[in-house]
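Taking it in order: structure first as structure tokens, then the write-up.
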Amino acid sequence: MKQVLHKLRERDKNKDMEGIEHRMVSVNGISMHIAEKGQGPTVLFIHGFPELWYSWRHQINALSSLGYHAVAPDLRGYGDTDAPTSITSYSCLHIVGDLVALMDTLGEEKVYVVAQDWGAIIAWYLCLFRPERVKAFVSLSVPFRPRHPKMKPVDSMRTLFGDDYYICRFQKPGEIEAEIAQIGTVNVLKSVLTNRQPGPPCIPKGKAFQTSTDTTVSLPTWLLEEDLNYYAAKFGHKGFTGPLNYYRALDLNWELTGPWTFKWKKTAKLYSYWYVNENSHF
């Protein structure tokens, strides 16, 4: 029975990947990998942490079959896209610049945007900085968060949740990467993607991703072993430093967006959804 189920899953996986084309494009000084399918109005899918373009494979197929050009990049630092080394290279201005340059490369003045998690944060910045490039925006899991005029984001999170809060733990370069290397990429991804712990996600020193070695934790129905291995292969090759630098640039983003304090207004059609799966998610 297990062999039959495995073959069926492999068949479905291969079907999901059929017709999706991949290419590298030069944008904003980096080489970016994109996956795309279909013709028509462009829908730009932006992934979160710790994910890849691959998270949108089902939506790419669905939207392309409905007459849209579905495009999903690996963001800067992820997958097959370049990963600059400096934290400052992961500011909101850089990431939005990547997406605007991608639109230019695609020959699109305006696009539909669908994003979740960190992708949604970046997409909100896109709407804030370049609203004329967005037809409509669907935000999954992360609502718009106006800039606090006085308190930096990391300080506010440390005040609310303590030093072990995951975003606070991600701040020191190299520290969490060393813990990830010790635990193993597959175990860390499994821990993050199957975490069922209620409350704020904290990762105490010495106990980071403590559920990762629990072999009794089963994968959810939407995450097959083959999917986990795909993510693990990409993160195992590229590492986590680029993706973690998004968190390390949070306070820099706060400084850069000072001119936009209290100046946000609705400039595009916005659709925001907060969803709760059978598992929580970073």
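Laboratory data are not the source of any read-out in this text; all were calculated from the coordinates shown. Please read these numbers as outputs of a predicted model, since none were measured by experiment. Neighbour counts run over all protein chains shown; Cβ positions are idealised from the backbone, glycine included.
Structure summary
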{"read-out": "Dipole of the chain, positive direction: furthest Cα of 261, 236, 246, with charges on the beta-carbon", "value": "261"}
{"read-out": "FRET efficiency, 1/(1 + (r/R0)^6) with R0 35 Å, evaluated for residue 197 and residue 22 via beta carbons", "value": "0.45"}
{"read-out": "Per-residue ³J(HN,Hα) for the range 38-43, Karplus 6.51 cos²θ - 1.76 cosθ + 1.60, θ = phi - 60°, Hz, x for Gly and Pro", "value": "x, 10, x, x, 7, 10"}
{"read-out": "Under the Karplus curve 6.51 cos²θ - 1.76 cosθ + 1.60, θ = phi - 60°, whole-Hz ³J(HN,Hα) for the range 178-190, x wherever Gly or Pro sits", "value": "5, 5, 4, 4, 6, 7, x, 4, 4, 5, 5, 4, 5"}
{"read-out": "Cross-link pairs beyond the 31 Å C-alpha cut-off, checked among 207/234; 205/238; 135/263; 205/263", "value": "205/263"}
{"read-out": "Rounded, prolate or oblate (a/c below 1.5 giving rounded, otherwise prolate when a/b exceeds b/c) for the chain by Cα gyration tensor", "value": "oblate"}
{"read-out": "Rounded to 5, percent antiparallel among DSSP beta bridges of the range 2-273", "value": "40 percent"}
{"read-out": "Test item: Cα-centred dipole of the range 2-273, Lys/Arg +1 and Asp/Glu -1 on Cβ, debye", "value": "700 debye"}
{"read-out": "Integer Hz, Karplus 6.51/-1.76/1.60 couplings in order for the range 97-102, x for Gly and Pro", "value": "x, 4, 5, 5, 5, 5"}
